[in-house]
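Student: The structure under discussion is supplied below as C-alpha coordinates; questions concerning it will follow.
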Amino acid sequence: MAKTLRTRIEAAGAQLIFALPRPLRRLVAGKPIRLDGQELALDAQLLLRLQQLSGVSMAKESPQLARATLAQSSHLVSGRPIGPVATRELTIPDENGGIPATLYTPGGLPENSGLLVFYHGGGWVIGTRASHDNAARFFAKYAGVRVLSIEYRLAPEHPFPAAVDDAVAAFEYAYAKAMDLGADPERIAVGGDSAGGNLAAVVSQVTTRRGGPAPAFQLLLYPGVDGSQRRRSRDLFGSGFFLTETDMTWFLDHYAPDGVDRTDTRLSPLLAEDCSGLPPAYIATSGFDPLRDEGEAYGEKLHAAGVPVAASRQSDLIHGYINFLGVGHRFREAAAEAAGALRLGLAK
(Lines give C-alpha, C1' and ligand atoms only; values in the text may rest on other atoms or scores of the structure.)
Protein backbone atom coordinates (compact mmCIF):
# COMPACT_ATOMS: atom_id res chain seq x y z
CA MET A 1 0.00 0.00 0.00
CA ALA A 2 1.42 3.36 -1.03
CA LYS A 3 2.17 5.70 1.83
CA THR A 4 0.44 9.06 1.90
CA LEU A 5 2.17 12.27 2.95
CA ARG A 6 0.38 12.05 6.29
CA THR A 7 1.56 8.52 6.99
CA ARG A 8 5.13 9.46 6.08
CA ILE A 9 4.98 12.37 8.50
CA GLU A 10 3.57 10.13 11.24
CA ALA A 11 6.31 7.56 10.70
CA ALA A 12 8.97 10.27 10.79
CA GLY A 13 7.44 11.62 14.00
CA ALA A 14 7.66 8.22 15.66
CA GLN A 15 11.30 7.93 14.61
CA LEU A 16 12.06 11.35 16.08
CA ILE A 17 10.46 10.49 19.43
CA PHE A 18 12.46 7.28 19.74
CA ALA A 19 15.63 9.20 18.82
CA LEU A 20 15.25 11.64 21.71
CA PRO A 21 17.78 11.52 24.56
CA ARG A 22 16.86 8.92 27.15
CA PRO A 23 15.72 11.45 29.81
CA LEU A 24 13.26 12.98 27.34
CA ARG A 25 12.00 9.56 26.24
CA ARG A 26 11.46 8.67 29.88
CA LEU A 27 9.59 11.93 30.39
CA VAL A 28 7.24 11.10 27.51
CA ALA A 29 6.81 7.47 28.56
CA GLY A 30 6.24 8.16 32.27
CA LYS A 31 7.58 6.49 35.39
CA PRO A 32 8.99 2.98 35.01
CA ILE A 33 6.37 0.23 35.13
CA ARG A 34 7.19 -2.73 37.36
CA LEU A 35 4.91 -5.72 37.64
CA ASP A 36 5.36 -9.36 38.62
CA GLY A 37 9.03 -8.79 39.38
CA GLN A 38 9.70 -7.32 35.93
CA GLU A 39 10.42 -3.81 34.64
CA LEU A 40 9.02 -2.81 31.27
CA ALA A 41 11.64 -1.74 28.73
CA LEU A 42 11.64 1.98 28.01
CA ASP A 43 11.18 1.30 24.29
CA ALA A 44 8.08 -0.77 25.03
CA GLN A 45 6.66 1.76 27.47
CA LEU A 46 7.21 4.59 25.01
CA LEU A 47 5.46 2.63 22.28
CA LEU A 48 2.50 2.00 24.58
CA ARG A 49 2.35 5.69 25.39
CA LEU A 50 2.22 6.59 21.70
CA GLN A 51 -0.49 3.96 21.17
CA GLN A 52 -2.47 5.46 24.01
CA LEU A 53 -2.17 8.97 22.56
CA SER A 54 -3.17 7.79 19.07
CA GLY A 55 -6.11 5.70 20.26
CA VAL A 56 -5.05 2.75 18.06
CA SER A 57 -6.38 -0.66 19.14
CA MET A 58 -6.63 -4.02 17.42
CA ALA A 59 -10.21 -5.01 18.14
CA LYS A 60 -12.61 -2.77 16.22
CA GLU A 61 -16.32 -2.76 15.47
CA SER A 62 -15.74 -5.03 12.48
CA PRO A 63 -12.88 -7.15 11.15
CA GLN A 64 -12.85 -5.01 8.02
CA LEU A 65 -12.22 -1.84 10.04
CA ALA A 66 -9.57 -3.59 12.15
CA ARG A 67 -7.75 -4.73 9.01
CA ALA A 68 -7.87 -1.25 7.50
CA THR A 69 -6.52 0.26 10.71
CA LEU A 70 -3.64 -2.20 10.76
CA ALA A 71 -2.81 -1.50 7.13
CA GLN A 72 -2.69 2.22 7.86
CA SER A 73 -0.69 2.02 11.08
CA SER A 74 1.81 -0.83 10.72
CA HIS A 75 4.26 1.40 8.84
CA LEU A 76 4.69 3.57 11.93
CA VAL A 77 6.78 0.99 13.77
CA SER A 78 7.86 -1.64 11.24
CA GLY A 79 10.71 0.43 9.79
CA ARG A 80 12.18 0.72 6.33
CA PRO A 81 12.28 -2.45 4.23
CA ILE A 82 15.24 -4.60 5.25
CA GLY A 83 17.58 -5.62 2.47
CA PRO A 84 19.12 -6.84 0.36
CA VAL A 85 16.24 -9.32 0.18
CA ALA A 86 14.63 -10.32 -3.12
CA THR A 87 10.94 -11.23 -3.24
CA ARG A 88 8.90 -13.43 -5.56
CA GLU A 89 5.13 -13.77 -5.52
CA LEU A 90 3.63 -17.21 -6.01
CA THR A 91 0.46 -19.17 -5.40
CA ILE A 92 0.31 -22.42 -3.48
CA PRO A 93 -2.28 -24.60 -5.23
CA ASP A 94 -5.09 -26.04 -3.16
CA GLU A 95 -8.75 -26.97 -3.50
CA ASN A 96 -9.88 -23.49 -2.43
CA GLY A 97 -8.37 -21.55 -5.29
CA GLY A 98 -4.80 -21.21 -4.10
CA ILE A 99 -2.91 -19.65 -1.19
CA PRO A 100 -1.02 -16.45 -2.03
CA ALA A 101 2.56 -16.41 -0.78
CA THR A 102 5.78 -14.43 -0.98
CA LEU A 103 9.21 -16.02 -1.16
CA TYR A 104 11.97 -13.92 0.42
CA THR A 105 15.60 -14.62 -0.54
CA PRO A 106 18.44 -12.68 1.09
CA GLY A 107 21.25 -11.47 -1.12
CA GLY A 108 24.05 -13.95 -1.72
CA LEU A 109 22.23 -16.99 -0.33
CA PRO A 110 23.18 -20.17 -2.22
CA GLU A 111 20.77 -22.83 -3.38
CA ASN A 112 19.83 -25.69 -1.08
CA SER A 113 19.40 -23.35 1.89
CA GLY A 114 17.18 -23.66 4.91
CA LEU A 115 13.66 -22.29 4.58
CA LEU A 116 11.13 -20.90 7.03
CA VAL A 117 7.42 -21.25 6.30
CA PHE A 118 6.13 -18.15 8.08
CA TYR A 119 2.61 -17.59 9.42
CA HIS A 120 1.78 -14.00 10.37
CA GLY A 121 0.07 -13.04 13.60
CA GLY A 122 -3.15 -11.09 14.05
CA GLY A 123 -5.51 -13.30 16.01
CA TRP A 124 -6.49 -15.28 12.87
CA VAL A 125 -8.65 -12.24 11.96
CA ILE A 126 -6.26 -9.46 10.92
CA GLY A 127 -2.67 -9.37 9.71
CA THR A 128 -1.27 -10.03 6.24
CA ARG A 129 1.98 -10.76 4.48
CA ALA A 130 2.26 -6.98 4.05
CA SER A 131 1.86 -6.23 7.76
CA HIS A 132 4.66 -8.71 8.51
CA ASP A 133 6.83 -7.93 5.51
CA ASN A 134 9.75 -6.59 7.51
CA ALA A 135 9.57 -9.46 9.99
CA ALA A 136 9.95 -11.90 7.08
CA ARG A 137 12.78 -9.81 5.65
CA PHE A 138 14.51 -9.75 9.03
CA PHE A 139 14.50 -13.52 9.38
CA ALA A 140 15.61 -14.00 5.79
CA LYS A 141 18.59 -11.69 6.18
CA TYR A 142 19.71 -12.41 9.73
CA ALA A 143 18.96 -16.13 9.89
CA GLY A 144 20.35 -16.68 6.41
CA VAL A 145 17.32 -18.61 5.12
CA ARG A 146 14.64 -18.32 2.53
CA VAL A 147 11.25 -17.35 3.97
CA LEU A 148 7.92 -18.41 2.49
CA SER A 149 5.29 -16.10 4.00
CA ILE A 150 1.71 -17.18 3.34
CA GLU A 151 -1.66 -15.45 3.19
CA TYR A 152 -3.80 -17.98 5.01
CA ARG A 153 -7.57 -17.47 5.12
CA LEU A 154 -8.88 -15.23 7.90
CA ALA A 155 -11.89 -15.43 10.18
CA PRO A 156 -14.76 -14.73 10.50
CA GLU A 157 -15.18 -15.27 6.75
CA HIS A 158 -13.20 -18.50 7.13
CA PRO A 159 -13.37 -19.72 10.74
CA PHE A 160 -11.41 -22.56 12.35
CA PRO A 161 -9.99 -24.81 10.97
CA ALA A 162 -9.50 -22.97 7.62
CA ALA A 163 -6.26 -21.32 8.77
CA VAL A 164 -4.94 -24.68 9.96
CA ASP A 165 -5.73 -26.32 6.63
CA ASP A 166 -3.88 -23.55 4.77
CA ALA A 167 -0.93 -23.69 7.15
CA VAL A 168 -0.51 -27.44 6.70
CA ALA A 169 -0.92 -27.12 2.92
CA ALA A 170 1.81 -24.47 2.84
CA PHE A 171 4.28 -26.71 4.66
CA GLU A 172 3.42 -29.64 2.39
CA TYR A 173 4.01 -27.44 -0.65
CA ALA A 174 7.32 -26.17 0.70
CA TYR A 175 8.53 -29.72 1.31
CA ALA A 176 7.34 -31.05 -2.06
CA LYS A 177 8.69 -28.08 -4.04
CA ALA A 178 11.77 -27.39 -1.94
CA MET A 179 14.20 -27.68 -4.86
CA ASP A 180 12.09 -25.28 -6.94
CA LEU A 181 12.21 -22.82 -4.03
CA GLY A 182 15.97 -23.18 -3.69
CA ALA A 183 15.67 -24.98 -0.36
CA ASP A 184 16.76 -28.20 1.28
CA PRO A 185 13.61 -30.27 2.04
CA GLU A 186 15.24 -31.60 5.23
CA ARG A 187 15.82 -28.06 6.55
CA ILE A 188 12.37 -26.54 6.49
CA ALA A 189 11.13 -24.79 9.62
CA VAL A 190 7.71 -23.46 10.48
CA GLY A 191 7.26 -20.34 12.53
CA GLY A 192 5.18 -17.33 13.32
CA ASP A 193 4.13 -14.85 15.94
CA SER A 194 1.05 -15.02 18.17
CA ALA A 195 -1.69 -16.67 16.06
CA GLY A 196 1.04 -17.54 13.57
CA GLY A 197 2.95 -19.25 16.35
CA ASN A 198 -0.20 -21.19 17.13
CA LEU A 199 -0.40 -22.36 13.51
CA ALA A 200 3.28 -23.35 13.46
CA ALA A 201 2.82 -25.44 16.61
CA VAL A 202 -0.27 -27.08 15.16
CA VAL A 203 1.43 -27.85 11.84
CA SER A 204 4.28 -29.49 13.74
CA GLN A 205 1.85 -31.68 15.68
CA VAL A 206 -0.35 -32.61 12.71
CA THR A 207 2.53 -33.54 10.42
CA THR A 208 4.42 -35.45 13.12
CA ARG A 209 1.42 -37.49 14.24
CA ARG A 210 0.63 -38.63 10.72
CA GLY A 211 4.17 -39.87 10.27
CA GLY A 212 5.72 -36.95 8.38
CA PRO A 213 7.23 -35.34 6.54
CA ALA A 214 7.42 -32.86 9.41
CA PRO A 215 9.27 -29.58 9.98
CA ALA A 216 12.88 -29.66 11.08
CA PHE A 217 12.36 -26.81 13.55
CA GLN A 218 9.65 -24.67 15.18
CA LEU A 219 10.03 -20.92 15.71
CA LEU A 220 7.24 -19.94 18.09
CA LEU A 221 7.08 -16.26 19.03
CA TYR A 222 4.71 -15.46 21.93
CA PRO A 223 2.31 -18.13 20.64
CA GLY A 224 -1.29 -18.62 21.67
CA VAL A 225 -1.53 -22.33 22.43
CA ASP A 226 -4.65 -22.77 24.56
CA GLY A 227 -8.02 -21.28 23.65
CA SER A 228 -9.86 -23.20 26.36
CA GLN A 229 -8.76 -21.53 29.59
CA ARG A 230 -7.15 -18.42 31.04
CA ARG A 231 -3.99 -18.20 33.07
CA ARG A 232 -2.49 -15.81 35.58
CA SER A 233 -0.66 -13.71 32.96
CA ARG A 234 -3.96 -12.93 31.27
CA ASP A 235 -5.23 -11.41 34.49
CA LEU A 236 -1.97 -9.53 35.14
CA PHE A 237 -1.42 -8.10 31.67
CA GLY A 238 -4.88 -8.06 30.09
CA SER A 239 -5.09 -4.28 30.03
CA GLY A 240 -2.62 -1.61 29.01
CA PHE A 241 0.06 -3.77 27.39
CA PHE A 242 -0.88 -3.74 23.67
CA LEU A 243 -2.71 -7.09 23.46
CA THR A 244 -5.72 -6.76 25.74
CA GLU A 245 -8.38 -8.98 27.24
CA THR A 246 -10.90 -7.39 24.88
CA ASP A 247 -8.69 -8.11 21.86
CA MET A 248 -8.19 -11.75 22.81
CA THR A 249 -11.88 -12.39 23.34
CA TRP A 250 -12.74 -10.62 20.07
CA PHE A 251 -10.19 -12.63 18.07
CA LEU A 252 -11.13 -15.99 19.52
CA ASP A 253 -14.86 -15.40 19.16
CA HIS A 254 -14.36 -14.73 15.46
CA TYR A 255 -11.98 -17.63 14.85
CA ALA A 256 -13.67 -20.22 17.05
CA PRO A 257 -17.31 -19.13 17.45
CA ASP A 258 -20.05 -20.99 19.28
CA GLY A 259 -20.07 -24.64 18.30
CA VAL A 260 -16.30 -24.96 17.98
CA ASP A 261 -14.63 -27.23 20.52
CA ARG A 262 -11.89 -25.02 21.92
CA THR A 263 -10.12 -28.02 23.41
CA ASP A 264 -9.43 -29.32 19.88
CA THR A 265 -5.65 -29.62 19.72
CA ARG A 266 -5.66 -27.96 16.28
CA LEU A 267 -6.76 -24.85 18.19
CA SER A 268 -5.16 -25.56 21.57
CA PRO A 269 -1.96 -27.54 20.91
CA LEU A 270 -0.99 -27.25 24.59
CA LEU A 271 -3.72 -29.81 25.32
CA ALA A 272 -2.16 -32.55 23.18
CA GLU A 273 -1.66 -35.68 25.24
CA ASP A 274 1.50 -36.77 23.44
CA CYS A 275 4.15 -34.24 22.42
CA SER A 276 6.98 -36.72 21.93
CA GLY A 277 8.82 -36.67 18.62
CA LEU A 278 7.96 -33.07 17.77
CA PRO A 279 10.58 -30.89 16.05
CA PRO A 280 13.05 -28.93 18.19
CA ALA A 281 11.63 -25.56 19.16
CA TYR A 282 12.55 -22.02 20.08
CA ILE A 283 9.71 -20.55 22.16
CA ALA A 284 9.87 -16.86 22.99
CA THR A 285 7.46 -15.20 25.39
CA SER A 286 7.12 -11.58 26.52
CA GLY A 287 7.05 -10.72 30.19
CA PHE A 288 4.18 -8.24 29.87
CA ASP A 289 1.98 -10.40 27.66
CA PRO A 290 -1.33 -12.08 28.56
CA LEU A 291 -0.17 -15.09 26.50
CA ARG A 292 3.06 -15.47 28.48
CA ASP A 293 2.07 -18.29 30.80
CA GLU A 294 0.53 -20.57 28.17
CA GLY A 295 3.56 -20.17 25.91
CA GLU A 296 5.86 -21.11 28.77
CA ALA A 297 3.63 -24.02 29.74
CA TYR A 298 3.97 -25.33 26.19
CA GLY A 299 7.75 -25.12 26.40
CA GLU A 300 7.68 -27.07 29.66
CA LYS A 301 5.41 -29.69 28.11
CA LEU A 302 7.68 -30.17 25.10
CA HIS A 303 10.72 -30.43 27.36
CA ALA A 304 9.00 -33.04 29.53
CA ALA A 305 8.27 -35.05 26.36
CA GLY A 306 11.93 -35.07 25.41
CA VAL A 307 11.72 -32.41 22.70
CA PRO A 308 14.77 -30.08 22.52
CA VAL A 309 13.47 -26.64 23.53
CA ALA A 310 15.09 -23.24 23.91
CA ALA A 311 12.63 -21.22 26.01
CA SER A 312 13.30 -17.51 26.22
CA ARG A 313 11.27 -15.00 28.21
CA GLN A 314 11.84 -11.43 27.04
CA SER A 315 10.87 -10.23 30.48
CA ASP A 316 10.81 -6.51 29.68
CA LEU A 317 8.79 -6.67 26.45
CA ILE A 318 5.18 -6.72 25.29
CA HIS A 319 3.27 -8.85 22.81
CA GLY A 320 3.99 -8.19 19.13
CA TYR A 321 7.62 -7.12 19.32
CA ILE A 322 8.60 -8.71 16.01
CA ASN A 323 6.52 -6.00 14.31
CA PHE A 324 8.27 -3.09 16.05
CA LEU A 325 11.62 -3.34 14.29
CA GLY A 326 11.66 0.27 13.15
CA VAL A 327 11.65 1.96 16.56
CA GLY A 328 14.13 1.87 19.40
CA HIS A 329 16.64 -0.95 19.86
CA ARG A 330 15.19 -3.44 22.32
CA PHE A 331 12.71 -5.00 19.88
CA ARG A 332 15.45 -5.72 17.36
CA GLU A 333 17.60 -7.32 20.06
CA ALA A 334 14.81 -9.78 20.85
CA ALA A 335 14.22 -10.45 17.15
CA ALA A 336 17.92 -11.03 16.62
CA GLU A 337 17.93 -13.73 19.29
CA ALA A 338 15.07 -15.49 17.47
CA ALA A 339 16.89 -15.21 14.15
CA GLY A 340 19.98 -16.72 15.74
CA ALA A 341 17.94 -19.62 17.08
CA LEU A 342 16.46 -20.21 13.62
CA ARG A 343 19.89 -20.13 11.99
CA LEU A 344 21.18 -22.66 14.50
CA GLY A 345 18.05 -24.82 14.22
CA LEU A 346 18.45 -25.17 10.46
CA ALA A 347 22.24 -25.45 10.37
CA LYS A 348 23.66 -28.43 8.49
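The values are calculated or read from the model by the stated rules, or taken from the named source; none is laboratory data. Bear in mind the structure is a predicted one, so any value in this text is a computation, not a measurement. Quick reminder, even Gly has a Cβ in these numbers, built from the backbone with ideal geometry, and neighbours come from all protein chains shown. Just the protein is used for accessible areas: all its heavy atoms, side chains included, with ligands, DNA and RNA removed. Shrake-Rupley method; radii C 1.70, N 1.55, O 1.52, S 1.80 Å.
Student: Treating the beta-carbon of each Lys and Arg as +1 and of each Asp and Glu as -1, no other charges, what is the dipole magnitude of the range 5-115 about its Cα centre, to the nearest 20 debye?
Tutor: Value, rounded to 20: 780 debye.
Student: When a/c is below 1.5 the answer is rounded, else prolate if a/b is larger than b/c, else oblate, so apply that to the chain with a ≥ b ≥ c taken from the square roots of the Cα gyration tensor eigenvalues.
Tutor: rounded
Student: While we're on this one: Which of the peptides 43-52, 134-143 is most tightly packed, and how do the rest follow, going by the mean number of other Cβ atoms within 10 Å of each residue?
Tutor: Result, highest mean first: 134-143, 43-52.
Student: Another question, if that's okay. At 1.4 Å probe size, with no ligands or nucleic acids counted, give the accessible surface of residue 303 in Å², nearest ten.
Tutor: The accessible area of residue 303 comes to roughly 130 Å².
Student: Counting only protein heavy atoms, what percent of the accessible surface of the range 73-346 is carbon or sulfur at a 1.4 Å probe?
Tutor: Working: 5010 of 9640 Å².
Of the solvent-accessible surface of the range 73-346, carbon and sulfur hold 52 percent.
Student: Once you have a ≥ b ≥ c as the square roots of the Cα gyration tensor eigenvalues for the range 187-334, tell me rounded if a/c is under 1.5, and otherwise prolate or oblate according to whether a/b is larger than b/c. Each step should come with its number before you reach the end.
Tutor: Numbers: a/c = 1.78, a/b = 1.21, b/c = 1.47.
Because a/c hits 1.5 or more and a/b fails to exceed b/c, the range 187-334 counts as oblate.
Student: Would you compute, from DSSP H runs of 4+ residues alone, the mean residue ellipticity of the chain at 222 nm, taking -39500 (n - 2.57) per run and dividing by the full residue count, rounded to the nearest 500?
Tutor: Values: 13 runs with 141 residues, N = 348.
Only helices count here, giving -12000 deg cm²/dmol.
Student: What is the antiparallel percent of DSSP beta bridges lying wholly in the chain, to the nearest 5?
Tutor: 35 percent
Student: So how do 151, 95 rank on accessible area, 1.4 Å probe, biggest first, that is with the largest at the start? Working shown, then result.
Tutor: On the way: 151 45, 95 175 Å².
My answer, sorted largest first, is 95, 151.
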